[in-house]
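Undergrad: This is the structure I want to talk about, given as structure tokens.
The values are calculated or read from the model by the stated rules, or taken from the named source; none is laboratory data. Here the structure is a predicted model, which is why all the values come from computation and not from measurement. Here the Cβ positions follow ideal geometry from the backbone for every residue, glycine too, while neighbour counts run over all protein chains shown.
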């Protein structure tokens, strides 16, 4: 049995995983008897958040929708999910052609007021130019991110360049931007598809053309509930020390980052909620239950050890959690 097949075998069943909100120290097998974080009656609801707070919805990879009565904010909204072999073949094929499935984007991302880009890789940015054109949303990213999107016909007037340190007021929420770094791997600690650009390149055609371009993390505050998201399994401790989000997103893949999970929890003050992100095999359909691309159980276990009072939450594809 290959490692990828073993990960698939260990995937929790749909009924167990569905709207899974369990205390961090509990095992997946005990989820059915664990603490359910949200009323299952709202699991597939498209209505507004009945609590009047924030409805969080996962669209696979690090794509998240934050929805209130007045605003829709998206982070890394990539739903086209064209196959690259990222997990099944031991790494994505750099020459995979970029595909933008407009019908899929229209189905799953009907609206947006603000789009936050954490870095420039295809699985974070490829759908953003089309989505920005269709919705009129403000898009925040680094100089490189915006140059890549300009090359993919993103509307110039909607692009806001940031580098970390910015703090913006929007209608119903604020966004604080932090300088960050991408996880690196291999003997020489290289970032896959690394690099930056100071001008718009030729239109990107293959995934290797969408370079990392500097990484960012974001704190989104809806006035009482806040969310901190990093699009990669690395960060800069000194940049975020002292922030106190309600919800922290963590992901597998930090094997080359010293104590990624423990340090993140410490830097953010051991938040009440920890949400798993970027753990699925994104070659697989968004409309099917998530299949692990990376083993996420060590993340759960490290959260339980380092922050036992935090509630560890796993949300399935297209399902929601109300805060």
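Undergrad: Could you list, in sequence order, all residues of the stretch 187-207 that are surrounded by fewer than 19 Cβ atoms within 10 Å (Cβ to Cβ), within 20 Å of the chain's Cα centre (by Cα) and at pLDDT 95 or above?
TA: Residues satisfying the conditions do not exist here.
Undergrad: In addition: One residue is enough: does the stretch 224-242 have a residue meeting the conditions touching a residue at least 24 places away in the same chain (Cβ under 8 Å), surrounded by fewer than 18 Cβ atoms within 10 Å (Cβ to Cβ) and more than 28 Å from residue 165 (Cβ to Cβ)?
TA: Checking the stretch 224-242: not a single residue is touching a residue at least 24 places away in the same chain (Cβ under 8 Å), surrounded by fewer than 18 Cβ atoms within 10 Å (Cβ to Cβ) and more than 28 Å from residue 165 (Cβ to Cβ).
Undergrad: Sticking with this one: Being touching a helix residue (DSSP H, G or I) at 6+ places or on another chain (Cβ under 8 Å), without any contact (Cβ under 8 Å) to a residue 60 or more places away in the chain and over 18 Å from residue 228 (Cα atoms) is the filter here; which residues of the stretch 270-304 pass it?
TA: 302
Undergrad: Quick check on residue 269: is it modelled with pLDDT under 95 and either in a loop (DSSP other than H, G, I, E, B) or under 18 Å from residue 148 (Cα atoms) (or both)?
TA: no
Undergrad: Can you tell me which of (1) surrounded by fewer than 24 Cβ atoms within 10 Å (Cβ to Cβ); (2) out of contact with any helix residue (DSSP H, G or I) (no Cβ under 9 Å at 6 or more places or on another chain); (3) at pLDDT 95 or above is the one residue 255 doesn't meet?
TA: (3)
Undergrad: Here is a follow-up. Report, by residue number, each residue of the stretch 116-137 that is touching a helix residue (DSSP H, G or I) at 6+ places or on another chain (Cβ under 6 Å), outside any helix (DSSP H, G or I) and without any contact (Cβ under 8 Å) to a residue 60 or more places away in the chain.
TA: Result: 127, single match.
Undergrad: Restricting to the stretch 138-183, give me the number of residues that are free of Cβ contacts under 8 Å to residues at least 40 places away in the same chain, more than 19 Å from the chain's Cα centre (by Cα), buried (at least 20 other Cβ atoms within 10 Å of the Cβ) and in a helix (DSSP H, G or I).
TA: Going through the stretch 138-183 one residue at a time, the tally reaches 0.
Undergrad: Which residues, taken from the stretch 208-223, are in contact with a helix residue (DSSP H, G or I) (Cβ under 9 Å, 6 or more places away or on another chain), outside any loop (DSSP other than H, G, I, E, B) and surrounded by 24 or more Cβ atoms within 10 Å (Cβ to Cβ)?
TA: Scanning the stretch 208-223 gives 216, 217.
Undergrad: Follow-up. Kindly check whether there is at least one residue in the stretch 277-295 that is assigned to a strand (DSSP E or B), modelled with pLDDT of 95 or more and surrounded by fewer than 24 Cβ atoms within 10 Å (Cβ to Cβ).
TA: Within the stretch 277-295 (the criterion being assigned to a strand (DSSP E or B), modelled with pLDDT of 95 or more and surrounded by fewer than 24 Cβ atoms within 10 Å (Cβ to Cβ)), the answer is yes, since at least one residue qualifies.
Undergrad: Further, regarding this structure: Would you confirm whether any residue within the stretch 79-99 is in contact with a strand residue (DSSP E or B) (Cβ under 7 Å, 6 or more places away or on another chain), part of a loop (DSSP other than H, G, I, E, B), in contact (Cβ under 8 Å) with a residue 60 or more places away in the chain and buried (at least 22 other Cβ atoms within 10 Å of the Cβ)?
TA: No, because not a single residue in the stretch 79-99 is in contact with a strand residue (DSSP E or B) (Cβ under 7 Å, 6 or more places away or on another chain), part of a loop (DSSP other than H, G, I, E, B), in contact (Cβ under 8 Å) with a residue 60 or more places away in the chain and buried (at least 22 other Cβ atoms within 10 Å of the Cβ).
Undergrad: Among the residues of the stretch 314-321, is there at least one that is without any contact (Cβ under 8 Å) to a residue 60 or more places away in the chain, touching a helix residue (DSSP H, G or I) at 6+ places or on another chain (Cβ under 9 Å) and not in a loop (DSSP other than H, G, I, E, B)?
TA: No; the residues of the stretch 314-321 include none that is without any contact (Cβ under 8 Å) to a residue 60 or more places away in the chain, touching a helix residue (DSSP H, G or I) at 6+ places or on another chain (Cβ under 9 Å) and not in a loop (DSSP other than H, G, I, E, B).
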